[in-house]
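Student: This is the structure I want to talk about, given as structure tokens.
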Amino acid sequence: MSHDDPALSRLIDQVKNAAAASRTLDIHGGNTKAFYGEPARGDVLDTTPLAGISSYEPTELVVTARCGTRLAELESTLAERGQCLAFEPPRFGAGGTVGGMVAAGLSGPSRAAVGSVRDFVLGASLLNGRGEVLSFGGQVMKNVAGYDVSRLLAGSMGTLGVILEVSLKVLPVAPASATLRFQLDEASAIRRMNEWGGQPWPINASAWWNGMLVIRLRGAFAAVNAAIGRLGGELIEAEVGTQFWQGLRDHSDEFFEHAVDAVKGGATLWRLSLPSTTPPLALHGETLIEWGGAQRWVVTPQSAASLRELVQQAGGHATVFRARDKSAGVFAPLAPALMRIHAELKASFDPAGVFNPGRLYPGL
Amino acid sequence: MNAPSRNDLAPADDRAHRRTQVVAELRAVLPPHALLWHTEDTVPYECDGLTAYRQQPLVVALPETEAQVAAVLKVCHRLEVPVVARGAGTGLSGGALPHHLGVTLSLAKFNRILGIDPLARTARVQCGVRNLAISEAAAAHRLYYAPDPSSQIACTIGGNVAENSGGVHCLKYGLTLHNVMRVRGFLADGKPVEFGSEALDCAGLDLMTVLVGSEGMLAVITEVTVRLIPSPQVARCIMASFDDIRHAGDAVAQVIAAGIIPAGLEMMDKPMTAAVESFVHAGYDLDAAAILLCESDGAPEEVDEEIARMVEVLRASGASGIQVSENEAQRLKFWSGRKNAFPASGRISPDYMCMDSTIPRKRLADILIAIAQMEKKYGLRCVNVFHAGDGNLHPLILFDANDADQLHRCEQFGAEILETSVALGGTITGEHGVGIEKLASMCVQFSPEEREQMMGVKRAFDPKELLNPGKVIPTLHRCAEGGKMHVRGGLLPFADLPRF
């Protein structure tokens, strides 16, 4: 990316000025994830002018896009060549950008099978708190010298700098897909998903809610057909299946709509990240289980402290995904040694504390 | 690079005095047999797989418990003694090269498999467990650990974490980073730390991304929890011959363009094929300009389907001959030459220098043609193997180091290969060896600001910069071959290991 680019120069100036004036910046792409994380504060730094796909090499399985590129545009460009972002990033609004996708670090229903957004980042360039444009990683999997800073940016919530451009690994769209449904209670469903995970079935996604386990098969025709034959369950009509998974990906599903209503009434939508085999937790509230048991959503009035205690004992962590009252802290507290490393990293990337202060943790 | 410190080159007396001090302190925290400092005892630790670089450590510590590891680190932190962690010492980029005033911290005794959870598909192992040992232990559950670096029968999982090792199957199954869930260990000050989780993510910044591949510079890892995946029911390999390099290069791109992600995709050029055929007698086509090995794994039906698609693509790309393995023995025979590329090269030349660069797949033919021209220009042969799956090229320049002019020409040849890689849109993943400054390499790849930012990352974990400081080899390598490795008289370090 050339420093002559006016959009980039303006961003560099805005960052330098903010640092000099001790002001803070709230990094905005499409602002579709404003609800997520701790509240933002600061002058808006708008990334949308820095947009466009810089390069796309389908035979190299890599696409490089500037941060302000609409995710929708990127995905349709990939689809034209029969490729996709295999980790299915959620789209909470039409204006979501590539930069925001990486910064938020959220992945969709296929994550347990294919990997997270982090796993698909090959390289990135970053505007740090000194107004420096830095590039890390590259355009191939086996290229990195030095530390893998590009992947560190996934999920960093804009606290380390402005992601300017990202190179992402893309994969071919699988030839075949099918959705199967099974009636199972929560404990049986968790066990079943894990058992299947140890067998060579082409299971790409799973969801359990309210006594029903739904799985998506994806892969070669032969593999998907064989699995349909042997796994049993009820085969769901293709279009219905597609709608179902899209609803889970983008949180437009009934479960999430109920959740949003409950949040308006004062409840909290928690995102639990757990070892996949964790048995049903003693939680008061409706649970949606994804990622083979590793991601669980629950709407509950239960106290944050008791819920976090329960989840931590199980080896996981809990995030306040949506709530009016975020006083319990959105992200789970870190061990002191890790918190210290976080503080040092923040100070190194953003010495003046300009970027999205407090969006991840107070003081960061 | 760093301000002069007490750990810079010191006269022999100072070093002896320092050793006495460090030995006295470490003796208090380690059993007697776990501390070595006499030259005859520390010689085996003076290098890793990169034998051209040797350095006696001050002391070698071989702790047996995590408490001892912590204690050693605390002592070193207090005394400001550098610490270089070492697994099996098979690394080819000098990651375990000792520091002349430092402690080599061997983790070799941490070789227990702590537990396998077949339902959760995880294995919790100590850092010194061999990579292949994990898959061997998981086999009973029809699971395995996917990343398969070339030295997997000997290298440790701790070393894999340090190097973010890949392997032939990494295009389909990912690098170490994609297959490790959690690591535990200690920071430079001896405080315990844990990165990652048995869940699929953890709160805060994803520190695993910088920890994996950090070559022992951010923390000392003692325990690793890895992801296990179902063993493929079937694996079949296609061996395709091409009478034109360009067709072979295009075939590689066409396989990917067809939407196929092979389990393995490797290429050998004609001279390399000749070298390996005379070594393993596997029946390679000696007339082929290039041989492609293309593997599919999975359920029987899907492998059949995928092999059929691959064959179609290879044929359409101009393959002059195609064989498909009928059974496991034949599949292994197809791979045997590729695995023996290094020893085979060692038989036909007194020395060779192995390069490591990455190029876009579609430029493979261009670089091989350019290398053929360089052979004439420098009057040296160069045989090539290529991880076609991820664009990682290993030219092996053959020469005789007894002839100073050949050595010189070899280095120039190597430099031109790297420059050409960059010019073709690729990158230099590894660059070390005779006459090349590590700083020059890092300066070529990164700007001063980028290097300073990376130092910031380093200091966030290790403010005193005691873990693996001042390394000769600055770049981190994915492939076990590392950057430029000079092999003398066919005597490869760890000669019995298969090589890719």
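Student: Kindly indicate the residue of region B:324-348 that is out of contact with any helix residue (DSSP H, G or I) (no Cβ under 8 Å at 6 or more places or on another chain) and under 20 Å from B:Leu393 (Cα atoms) and also modelled with the highest pLDDT among those meeting that condition.
Tutor: B:Phe334
Student: What number goes with the only condition from (1) in a helix (DSSP H, G or I); (2) small (Gly, Ala, Ser); (3) surrounded by fewer than 17 Cβ atoms within 10 Å (Cβ to Cβ) that A:Ala7 does not pass?
Tutor: All conditions pass for A:Ala7, except number (3).
Student: Select from region A:106-134 the residues that are of a type in the set (Ser, Thr, Tyr) and in contact with a Leu (Cβ under 8 Å, 6 or more places away or on another chain) and list them in ascending order.
Tutor: As a first pass, look at region A:106-134 and keep what is of a type in the set (Ser, Thr, Tyr): A:107, A:110, A:116, A:125.
The answer is A:Ser116, A:Ser125.
Student: Given the options B:Asp48, B:Asp41, B:Asp14, name the one that is in a loop (DSSP other than H, G, I, E, B) and among the acidic types (Asp, Glu). Show your work before the answer.
Tutor: Numbers: B:Asp41 fails: in a loop (DSSP other than H, G, I, E, B); B:Asp14 fails: in a loop (DSSP other than H, G, I, E, B).
The unique qualifying residue is B:Asp48.
Student: Here is a follow-up. Would you please name the residue that is nearest to the other protein chains (Cβ to nearest Cβ), looking only at residues in region B:192-234 that are part of a helix (DSSP H, G or I) and closer than 21 Å to B:Gly94 by Cβ? Give the steps one after another, and end with the answer.
Tutor: First, pick out the residues of region B:192-234 that are part of a helix (DSSP H, G or I): B:208-211.
So of that shortlist, the ones also closer than 21 Å to B:Gly94 by Cβ come out as B:210-211.
Values: B:Val210: 5, B:Leu211: 9 Å.
Per the criteria, the residue is B:Val210.
Student: Also: Name the helices (runs of 4 or more DSSP H) wholly inside region B:128-191 in which the number of residues that are more than 12 Å from every other protein chain (Cβ to nearest Cβ), at pLDDT 95 or above and crowded, with 23+ Cβ neighbours inside 10 Å is 2 or more. Explain how you work it out, then say what you get.
Tutor: Details: elements: B:131-138, B:157-163, B:170-173.
By residue number, B:131-138, B:157-163.
Student: Another question about this same structure. When region A:37-50 is examined, which residues are found to be in a loop (DSSP other than H, G, I, E, B) and surrounded by 19 or more Cβ atoms within 10 Å (Cβ to Cβ)?
Tutor: In the first step, residues of region A:37-50 are kept if they are in a loop (DSSP other than H, G, I, E, B); the result is A:37-42, A:47-50.
Listed by number, the residues that qualify are A:Gly37, A:Glu38, A:Ala40, A:Thr47, A:Leu50.
Student: All but one of (1) more than 9 Å from chain B (Cβ to nearest Cβ); (2) touching a residue at least 24 places away in the same chain (Cβ under 8 Å); (3) of a type outside the set (Lys, Arg) hold for A:Ser327; state the number of the condition that does not hold.
Tutor: (2)
Student: Go through region B:272-303 and give me each residue that's in contact with a strand residue (DSSP E or B) (Cβ under 8 Å, 6 or more places away or on another chain), within 14 Å of another protein chain (Cβ to nearest Cβ) and either without any contact (Cβ under 8 Å) to a residue 12 or more places away in the chain or closer than 19 Å to B:His387 by Cα (or both). Don't jump to the end; show me each part of the working.
Tutor: Within region B:272-303, the subset in contact with a strand residue (DSSP E or B) (Cβ under 8 Å, 6 or more places away or on another chain) is B:272-273, B:275-276, B:279-280, B:284-285, B:287-300, B:302-303.
With within 14 Å of another protein chain (Cβ to nearest Cβ) added as a condition, the list becomes B:296-300, B:302-303.
Once the filter is applied, which keeps residues that are in contact with a strand residue (DSSP E or B) (Cβ under 8 Å, 6 or more places away or on another chain), within 14 Å of another protein chain (Cβ to nearest Cβ) and either without any contact (Cβ under 8 Å) to a residue 12 or more places away in the chain or closer than 19 Å to B:His387 by Cα (or both), region B:272-303 yields B:Ser296, B:Asp297, B:Glu302.
Student: Take the residues of region A:191-204 that are more than 8 Å from chain B (Cβ to nearest Cβ) and touching a Ser or Thr at 6+ places or on another chain (Cβ under 7 Å): which is surrounded by the fewest Cβ atoms within 10 Å (Cβ to Cβ)? Please lay out each step first, then the result.
Tutor: First, the residues of region A:191-204 that are more than 8 Å from chain B (Cβ to nearest Cβ): A:192-193, A:196, A:201, A:203-204.
In the following step, the residues that additionally are touching a Ser or Thr at 6+ places or on another chain (Cβ under 7 Å) were identified as A:193, A:204.
Numbers: A:Met193: 25, A:Asn204: 23.
The extreme case among them is A:Asn204.
Student: State all residues of region B:281-312 that are β-branched (Val, Ile, Thr) and surrounded by fewer than 19 Cβ atoms within 10 Å (Cβ to Cβ); if no residue qualifies, say none. Step through it out loud before you land on a result.
Tutor: Step one: list which residues in region B:281-312 are β-branched (Val, Ile, Thr), which gives B:291, B:303, B:307, B:311.
Once the filter is applied, which keeps residues that are β-branched (Val, Ile, Thr) and surrounded by fewer than 19 Cβ atoms within 10 Å (Cβ to Cβ), region B:281-312 yields only B:Val311.
Student: Quick check on region A:315-334. Is at least one of its residues among the polar types (S, T, N, Q), surrounded by fewer than 23 Cβ atoms within 10 Å (Cβ to Cβ) and out of contact with any helix residue (DSSP H, G or I) (no Cβ under 6 Å at 6 or more places or on another chain)?
Tutor: Applying the first criterion (among the polar types (S, T, N, Q)) to region A:315-334 yields A:319, A:327.
If we keep only those that are surrounded by fewer than 23 Cβ atoms within 10 Å (Cβ to Cβ) too, we end up with A:319, A:327.
Filter again for out of contact with any helix residue (DSSP H, G or I) (no Cβ under 6 Å at 6 or more places or on another chain), leaving A:319, A:327.
Among the residues of region A:315-334, at least one is among the polar types (S, T, N, Q), surrounded by fewer than 23 Cβ atoms within 10 Å (Cβ to Cβ) and out of contact with any helix residue (DSSP H, G or I) (no Cβ under 6 Å at 6 or more places or on another chain), which makes the answer yes.
Student: Right, next: Would you mind finding the one in B:Met239, B:Met272 that is surrounded by 22 or more Cβ atoms within 10 Å (Cβ to Cβ), in a helix (DSSP H, G or I) and among the hydrophobic types (A, V, I, L, M, F, W, C)? Break it down into steps so the answer makes sense when it comes.
Tutor: Working: B:Met239 fails: in a helix (DSSP H, G or I).
That would be B:Met272, the only listed residue that is surrounded by 22 or more Cβ atoms within 10 Å (Cβ to Cβ), in a helix (DSSP H, G or I) and among the hydrophobic types (A, V, I, L, M, F, W, C).
Student: Answer yes if at least one residue in region A:71-93 is at the interface with chain B (Cβ under 8 Å from one of its Cβ atoms), on the phi > 0 side of the Ramachandran plot and without any contact (Cβ under 8 Å) to a residue 60 or more places away in the chain, and no otherwise.
Tutor: So far as region A:71-93 goes, no, none of its residues is at the interface with chain B (Cβ under 8 Å from one of its Cβ atoms), on the phi > 0 side of the Ramachandran plot and without any contact (Cβ under 8 Å) to a residue 60 or more places away in the chain.
Student: Continuing with the same structure: Please go through (1) away from chain A (no Cβ under 14 Å); (2) at pLDDT 60 or above for B:Pro493 and return the number of the only condition it doesn't satisfy.
Tutor: So the condition that B:Pro493 fails would be (2).
Student: Please specify each residue of region B:357-393 satisfying the condition of being in contact with a Cys (Cβ under 6 Å, 6 or more places away or on another chain) and closer than 16 Å to B:Leu424 by Cα.
Tutor: Hits for region B:357-393 are B:Ile371, B:Asn392.
Student: State yes or no: is A:Gly82 in the same structural domain as A:Ser135 (by TED's automatic domain parsing), surrounded by fewer than 21 Cβ atoms within 10 Å (Cβ to Cβ) and farther than 22 Å from A:Ser116 by Cα?
Tutor: On the way: in the same structural domain as A:Ser135 (by TED's automatic domain parsing): yes; surrounded by fewer than 21 Cβ atoms within 10 Å (Cβ to Cβ): yes; farther than 22 Å from A:Ser116 by Cα: no.
Criteria not met by A:Gly82.
Student: Just the residues that are out of contact with any strand residue (DSSP E or B) (no Cβ under 7 Å at 6 or more places or on another chain) and away from chain B (no Cβ under 13 Å), please, taken from region A:205-229.
Tutor: Looking only at region A:205-229, we keep the residues that are out of contact with any strand residue (DSSP E or B) (no Cβ under 7 Å at 6 or more places or on another chain), and these are A:210, A:222, A:225-226, A:229.
Scanning region A:205-229 gives a single hit, A:Asn210.
Student: Right, something else. Please state which of the following conditions A:Gly292 fails to meet, knowing it meets all the rest: (1) within 14 Å of another protein chain (Cβ to nearest Cβ); (2) buried (at least 21 other Cβ atoms within 10 Å of the Cβ); (3) touching a residue at least 40 places away in the same chain (Cβ under 8 Å); (4) part of a strand (DSSP E or B).
Tutor: Here A:Gly292 meets the rest and fails (4).
Student: I would also like to ask the following. Could you look through region B:96-124, keep only residues that are within 14 Å of another protein chain (Cβ to nearest Cβ), part of a strand (DSSP E or B) and of a type in the set (Gly, Ala, Ser), and pick out the one that is surrounded by the fewest Cβ atoms within 10 Å (Cβ to Cβ)? Talk me through it step by step, then tell me what you get.
Tutor: Quick first cut of region B:96-124, residues within 14 Å of another protein chain (Cβ to nearest Cβ) only: B:115-124.
Retained after the next criterion (residues that are part of a strand (DSSP E or B)): B:115-117, B:122-124.
Narrowing the set further to residues that are of a type in the set (Gly, Ala, Ser) leaves B:115, B:123.
Values: B:Gly115: 11, B:Ala123: 28.
Ranking the candidates gives B:Gly115 first.
Student: I'd like the full set of residues that are closer than 18 Å to B:Asp201 by Cβ, in a loop (DSSP other than H, G, I, E, B) and hydrophobic (A, V, I, L, M, F, W, C), limited to region A:313-357.
Tutor: Result: A:Ala314, A:Val330, A:Phe331, A:Ala332, A:Leu334, A:Ala335.
Student: Kindly indicate the residue of region A:107-119 that is crowded, with 24+ Cβ neighbours inside 10 Å and not small (Gly, Ala, Ser) and also farthest from the other protein chains (Cβ to nearest Cβ) among those meeting that condition.
Tutor: A:Pro109
Student: Let me confirm something: among A:Leu184, A:Leu235, A:Leu248, A:Leu168, which residue is buried (at least 17 other Cβ atoms within 10 Å of the Cβ), more than 24 Å from the chain's Cα centre (by Cα) and away from every other protein chain (no Cβ under 14 Å)? Walk me through how you get there before you give the answer.
Tutor: Details: A:Leu235 fails: buried (at least 17 other Cβ atoms within 10 Å of the Cβ); A:Leu248 fails: more than 24 Å from the chain's Cα centre (by Cα); A:Leu168 fails: more than 24 Å from the chain's Cα centre (by Cα).
Among A:Leu184, A:Leu235, A:Leu248, A:Leu168, only A:Leu184 is buried (at least 17 other Cβ atoms within 10 Å of the Cβ), more than 24 Å from the chain's Cα centre (by Cα) and away from every other protein chain (no Cβ under 14 Å).
The values are calculated or read from the model by the stated rules, or taken from the named source; none is laboratory data. All values derive from a computational prediction rather than experimental measurement. Ideal geometry is used to build each Cβ from the backbone, glycine not excepted, and the neighbour counts take in all protein chains shown.
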